[in-house]
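Input: a single structure, listed below in C-alpha cells.
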Amino acid sequence: MRRRKCRAVRRRALVACLLTASLPAGAASQVASSAGAQSKPKSALDSLKATIISQMAAALAQQKLAPKLWPAPMPCGGAQATTRAGGKTRVVVPGLQQYSVQQAVALAAKYGLNVEERSVRQDGTPNVVVSQSPPPKTIAARGDTVVVCWLRAPVIPYVLNVSFAAAQRTLADSGYLALPIDVIVGKAVKTGTVLRQSPRYGLSAALGSTDTLYVGVAPPPPQVQMPNLRGFTDDDATSALDAVLRAGQLKLPIGRRAVNGQSFDPRRSLVDSQRPDFGTVLSAGQTIELMFRDTTTPVPMPYVVGREYNSARATLRTVFQRGNLKLKISPRSVDGRANFATSIVESQAPDSGTTLSPQSDVQLVVRDTATIPVPPPPPPRQTLRMPRLIGSSVDAAIDTLNRLYIIGGFTPKMDTRGVNGSTYTHSRAIVDSQFPAAGDSLTLHSDVRVIVRDKRPFPWWWIIAGIALAGLGSAAAWMWPNPPLPPTPPTPPATHPSIAALNVVPYPDIGNPRVVLTTRRGETADDAFARLGLSFNAVADPGTQRLHEGEPPRAREETNDA
Amino acid sequence: MPETALTLRSLFDVNDQDAKRVIFDAVDGSVWDQVAIPRSLREAAAEKVAGTLNALLATPLSDTVANAFNGYTKLAKYADDQDHDVAEGDFSIESEHTPYVELKVTGLPAKEIKFPLTLSLNFSAVVLVIKKSHIVALRAGTCTASGKLSCEKIQLYERELKPVKLPGELPFGIGIRIFKMPH
C-alpha cells in the first residue's frame, strides 16, 4: 500500500515536472506547489519525498527548461511575442529561419500563425529571416503572431534637405557611422541643411562605411563701404545707410549732429560731411556720424571759368545740392557750335562768390576747343641743292633763288657784294662767285652770298663794223642783184613760248635735266596741261602675228553658230 | 557694240581704277622722274593716259587674224576666180602688240608709255571663206583666247584662257589676197 502511494506521488511529481517544462515560471512554481500540496504527507518520509520532488520540479523549471521557454532578444529590437496556448488549439511553432520572408509567411500560415515582419540592416544575405519569436518548437495557439526579423540590404538613405542632426541620426540608424562633413558656402543655401551627400542615396554600401554630407552654411557677410551721403537729406541718408548695413549684416550706431554743434532741423538740413569718409570699409564696432548743415546757410557761386564744361557742370551740381537748390544751367556757345563735350567755360553768370538762391539760373558761355584752328604742320624738310648762279645776272640769280621757294619752301637771303668791295651797277652786274657753291645742300634759311662784277664794256666798235659790213653788202646787192628767193613757208606758231620761258627752270649744274611744273590757283588740270604744254598721243599697234597650225584648243570650247 | 566690232579691248576687261593706279605708277617711274610736277597733275595725267586705253586697243580682232593669214601659202591652190569654203581645222595665232602713249612736255624729249600686249588665239573648226582669191571671212566654230596686258613693266591685266564669243562670221574687210605659188 505504502509502495503504491509512493508510486502515485512520484507519478504526480513527474507530471508536474512535465507541465512546468511547458509553462512559464510562475505557473511551474504553482504546479510544483500544487503537486506538493496534493501529496499531503502522512508521515515524515512522505513529507520529505514531497519536498524533494517540489525542489526538483522548481530546479527543472528554473534551470533546465528556461532557455526553451524564454528565447534570446530579437535582433530587430521588437518586443517578444507571447503565446496564448490556454483554451485553444495548440501548435508547435515551426522554425522560420533561413527562409525568405514570403516562404516564412506561407509556412506560418500552414500552422495557423500570423507573421509580423520586421527588417534589420545587417551584412549578410538580404531578404532572409534571421530570427523569430517565439522560437521554433514553442507551443503556441492558432492565431498567434510570430515576429520574424529578416535582413534588409544596406542602402544609403536619402538625407538631403534635412538638418544635419536629422541626417546624422538617419544614417546612424541605417548602419552608417562615420560622417565626415564638408561645408558649402553659398548665397542661396539654407544654413545647416544637407545639400549634397556622397555616395548618393539609394546605393548599396557596406555597413559602417562613410557617407559624406555637404552641409550649407551661411556665407560671411560681404564687405561694405561707406556711401557718399553728402547732400542727402536725413531720410535719404538713413535709407542709404540701412541698405548698406543690411547688405553687410552690420548694426552700427548712427550719430547725427549739426556742423556748428547747434541743434538742427532734419527736414531742412543736408548731410554736409560724414565719418567715416566715403569708401571706407565698414566693420562691426564702428560708429557712423553724419554732420548736417542747415540749408538756410548761403551757398556761394563757384568759379568755373576756364574749366571744361562737363567738369564745371559737375561742380555746380555738387554746390547746388549742398545748398538744396535746383540747378538750372543755360549754356551758350560763343560761335554757335554746341559740342559741349569739348568746350571750355569762357564766362559765367552769376559771378563767383554770389550767394545762390533757389531762383538762380547759371549761365555759362562756352567755346568749343575743337573749333580753334590748328596750325598747319610745318612743311617736310627737303634737301635742296644750291643752283649755279655764276654768270647770271643779279635779277636772274634772285629769280632762281625764288624758285627754290616754290619747290621746297626755301627762304633765301642773298647778300650781293662787288668783287673786292668794288662798286657795281645792278643792271649790268653778273655773278662772279657764289657761296655756297653750286650743288651744296641748302637749309631753309641759308644765307646766300654772291660776289658780282660789272660786265665788260659793250663792244660798240663791233657794232659799227657790223653796220659797215651790212652797208657794203647791201651796196653789192644793189650792184649785183640776186634772183628772187622762193617764198618762205609760214612759220608755225610756237607752242606756249611764254610757258617755256616762265615755268621751265633748267639746272645746268645738276646732272639730270630737271623741269619744275607748277599749277596756279583755281586752274583745272586740262588748263594746266595746256599751259604747260603736256600732250598725250595714243598710238595703236597692229602688232605682229604668228600662225600655228593644228594646235588644239586648250580650253573648253564654246560653240558658236556659223 | 555691234558683233563685228570685236577689238583687242573687248578681250581685256580692265578695271578703270586699277588701270589708273598702275598707269600712275608707270608714268611716275618713266616720265616724271625728270620733272617736278604736283601730284594732282600727275594723277590727272595718269587718268588721261588711262583714257587712251580704248584707243590703244582699238585694233579690230579681224585685222589681227587677217594679218596672221597674210602670206599663208597653204591656200595658194584656191587662188582662182571661184568661191571656196575651206575647212582649215584647228590653228592658233600668237600676236604681240606694243601700243603706246606719246607724252610730250615742253622742254623735254617726248616720252613713250608702252602697253605691251601678248595675245594667243586658238581656233577650232575654222572655215575660211575665199572669194576670188581673197580670204574674205572666217567662220570659227570655237575660239579661246588668253593674253597679258601691261603698262611698261607693270602687269595691268592677264586674261586666262577662256572662250571668246565670236560673231558667226569674222569678216576681213576687202579680204586677204591669195597668190599663186610659182611653179
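I need the full set of residues from segment B:45-55 which are crowded, with 20+ Cβ neighbours inside 10 Å and either more than 11 Å from B:P99 (Cβ to Cβ) or more than 7 Å from chain A (Cβ to nearest Cβ) (or both), in order please.
B:A45, B:A46, B:K48, B:V49, B:A50, B:L53, listed by residue number.
Is at least one residue of segment A:456-469 closer than 16 Å to A:G391 by Cα, in contact with a strand residue (DSSP E or B) (Cβ under 6 Å, 6 or more places away or on another chain) and free of Cβ contacts under 8 Å to residues at least 40 places away in the same chain? No: segment A:456-469 contains no residue that is closer than 16 Å to A:G391 by Cα, in contact with a strand residue (DSSP E or B) (Cβ under 6 Å, 6 or more places away or on another chain) and free of Cβ contacts under 8 Å to residues at least 40 places away in the same chain.
Out of all the residues in segment B:55-63, is one or more within 25 Å of B:L166 (Cα to Cα) and among the polar types (S, T, N, Q)? Scanning segment B:55-63 turns up at least one residue that is within 25 Å of B:L166 (Cα to Cα) and among the polar types (S, T, N, Q). For segment B:160-183, the set of residues classified as among the charged types (D, E, K, R) and surrounded by fewer than 18 Cβ atoms within 10 Å (Cβ to Cβ) consists of B:E160, B:K162, B:K165, B:R177, B:K180, listed by residue number.
Yes/no per residue for (1) on the phi < 0 side of the Ramachandran plot; (2) in contact with a helix residue (DSSP H, G or I) (Cβ under 8 Å, 6 or more places away or on another chain):
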position	(1), (2)
B:E102	yes, no
B:L119	yes, yes
B:N122	yes, no
B:A125	no, no
B:K131	yes, no
B:L138	yes, yes
B:G141	yes, no
B:K153	yes, yes
B:K162	yes, no
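The residue pairs whose first member lies in segment A:227-254 and is of a type in the set (F, W, Y), whose second member is surrounded by 13 or more Cβ atoms within 10 Å (Cβ to Cβ), and whose beta carbons are closer than 6 Å, counting only pairs six or more residues apart or on different chains, are A:F232/A:V271. Of the residues B:T144, B:T118, B:T106, the single one that is within 8 Å of chain A (Cβ to nearest Cβ) and at pLDDT 85 or above is B:T144.
Of the numbered criteria (1) closer than 27 Å to B:V14 by Cα; (2) more than 7 Å from chain A (Cβ to nearest Cβ); (3) part of a helix (DSSP H, G or I); (4) not charged (D, E, K, R), the one B:A76 fails is (1). When B:L103 is evaluated against the numbered criteria (1) without any contact (Cβ under 8 Å) to a residue 12 or more places away in the chain; (2) crowded, with 19+ Cβ neighbours inside 10 Å, which criterion, by number, is the only one it fails? Here B:L103 clears every test but (1).
Applying the criterion of being touching a Phe, Trp or Tyr at 6+ places or on another chain (Cβ under 8 Å) and in a strand (DSSP E or B) to the residues of segment A:120-139, the residue that is farthest from A:S100 (Cα to Cα) is A:V120. When segment B:121-141 is limited to residues that are in a strand (DSSP E or B) and facing chain A (nearest Cβ under 8 Å), the one that is nearest to the chain's Cα centre (by Cα) turns out to be B:N122. Among the residues of segment A:265-314, those identified as in a helix (DSSP H, G or I) and more than 30 Å from A:Q223 (Cα to Cα) are A:R267, A:R268, A:Y309, A:N310, A:S311, A:A312, A:R313. Might you check whether a residue that is part of a helix (DSSP H, G or I), at pLDDT below 80 and within 20 Å of B:L149 (Cα to Cα) occurs anywhere in segment B:29-52? Checked segment B:29-52: at least one residue is part of a helix (DSSP H, G or I), at pLDDT below 80 and within 20 Å of B:L149 (Cα to Cα). Exactly one residue out of B:P171, B:P167 is within 9 Å of chain A (Cβ to nearest Cβ) and not small (G, A, S): that is B:P167. Going by the structure shown, is A:A247 surrounded by 16 or more Cβ atoms within 10 Å (Cβ to Cβ) and modelled with pLDDT of 75 or more? It is false that A:A247 is surrounded by 16 or more Cβ atoms within 10 Å (Cβ to Cβ) and modelled with pLDDT of 75 or more. Looking only at residues in segment A:335-354 that are touching a helix residue (DSSP H, G or I) at 6+ places or on another chain (Cβ under 9 Å) and modelled with pLDDT under 80, the one that is surrounded by the fewest Cβ atoms within 10 Å (Cβ to Cβ) is A:D335. B:I37: without any contact (Cβ under 8 Å) to a residue 12 or more places away in the chain and crowded, with 16+ Cβ neighbours inside 10 Å, yes or no? Spelling it out, B:I37 is indeed without any contact (Cβ under 8 Å) to a residue 12 or more places away in the chain and crowded, with 16+ Cβ neighbours inside 10 Å. Does segment A:471-494 contain any residue that is assigned to a loop (DSSP other than H, G, I, E, B), more than 7 Å from chain B (Cβ to nearest Cβ), exposed (fewer than 10 other Cβ atoms within 10 Å of the Cβ) and at pLDDT 75 or above? Yes.
Each residue in segment A:183-229 was checked for being at pLDDT 75 or above, out of contact with any helix residue (DSSP H, G or I) (no Cβ under 7 Å at 6 or more places or on another chain) and under 30 Å from A:E289 (Cα atoms), and 4 pass.
Would it be correct to say that B:D90 is more than 8 Å from chain A (Cβ to nearest Cβ) and either touching a residue at least 40 places away in the same chain (Cβ under 8 Å) or not in a loop (DSSP other than H, G, I, E, B) (or both)? No; evaluated as a whole, the condition is false for this residue.
Is it true that B:T98 is within 7 Å of another protein chain (Cβ to nearest Cβ), surrounded by fewer than 22 Cβ atoms within 10 Å (Cβ to Cβ), farther than 24 Å from B:I174 by Cα and at pLDDT below 85? For B:T98, the condition - within 7 Å of another protein chain (Cβ to nearest Cβ), surrounded by fewer than 22 Cβ atoms within 10 Å (Cβ to Cβ), farther than 24 Å from B:I174 by Cα and at pLDDT below 85 - is not met. Taking (1) part of a loop (DSSP other than H, G, I, E, B); (2) at pLDDT below 80; (3) within 60 Å of the chain's Cα centre (by Cα) in turn, A:Y158 satisfies each apart from (2).
Given the criteria part of a helix (DSSP H, G or I), small (G, A, S) and at pLDDT below 65, does A:S498 qualify? Answer is yes for this residue.
Considering only residues that are farther than 23 Å from A:R200 by Cβ and among the charged types (D, E, K, R), which ones fall in segment A:118-155? Of everything in segment A:118-155, those that are farther than 23 Å from A:R200 by Cβ and among the charged types (D, E, K, R) turn out to be A:R118, A:K137, A:R142, A:D144.
The values are calculated or read from the model by the stated rules, or taken from the named source; none is laboratory data. As the structure is a prediction and not an experimental result, all values here were calculated from the model. Every residue, glycine among them, receives a Cβ derived from its backbone with ideal geometry; neighbour counts consider all protein chains shown.
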